[in-house]
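Please treat every number below as a calculation from the coordinates, not as lab data. Since we're looking at a predicted model, the values are computed, not measured. Note that each Cβ is placed from the backbone with ideal geometry, even for glycine, and that neighbours are counted across all protein chains shown.
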């Protein structure tokens, strides 16, 4: 049995879920950012994954981030004439970040990370027991 191949593919999933958690954290941090460097409200970012086949570039297979894209849905508008970014009518366009969705995404990414970490731990234990048999 080759445990290294399984650990490598699980490692790619751990890396992909880490990136997903970083992007969700970025979305949460910018949930009230009404102006970015372009002067527009912050756009929620979404991570896309893709499978990597075992024969591709000599890898053992796994998962990788295929892209990080902006969610182009419009954010809500609120009436707040005191806000520094309000237009002439007192309306502010908010980012399209929904904190409830982001928290569910963070929980999902965290659980997937934990599950992949458990796979690595189990593979390590199985390898140690296999070595112990030979003694």
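Relative contact order, whole percent, for region 3-133 stands at 31, derived from Cα pairs under 8 Å and 6 or more residues apart.
Residues of region 15-44 with an amide N closer than 19 Å to a point placed 7 Å from the Cα of residue 85 along the Cα-to-Cβ direction: 24-44.
Here the extension length gained between residue 74 and residue 108 equals 9.8 nm, from 0.36 nm per residue of separation less the Cα-Cα distance. With both labels modelled 7 Å from their Cα along Cα-to-Cβ, the residue 131 to residue 15 distance reads 2.4 nm. The equivalent ellipsoid that matches the C-alpha gyration tensor of region 3-133 spans semi-axes of 43, 15, 8 angstrom, in descending order.
What fraction, in whole percent, of alpha-carbon pairs in region 66-115 exceed 13 Å separation? Of the Cα pairs, 70 percent sit more than 13 Å apart. Computed per residue of the chain from DSSP H runs no shorter than four, each worth -39500 (n - 2.57), the mean residue ellipticity at 222 nm is -16500 deg cm²/dmol.
Modelled spin labels at residue 35 and residue 115, positioned 7 Å past Cα toward Cβ, are 4.3 nm from each other.
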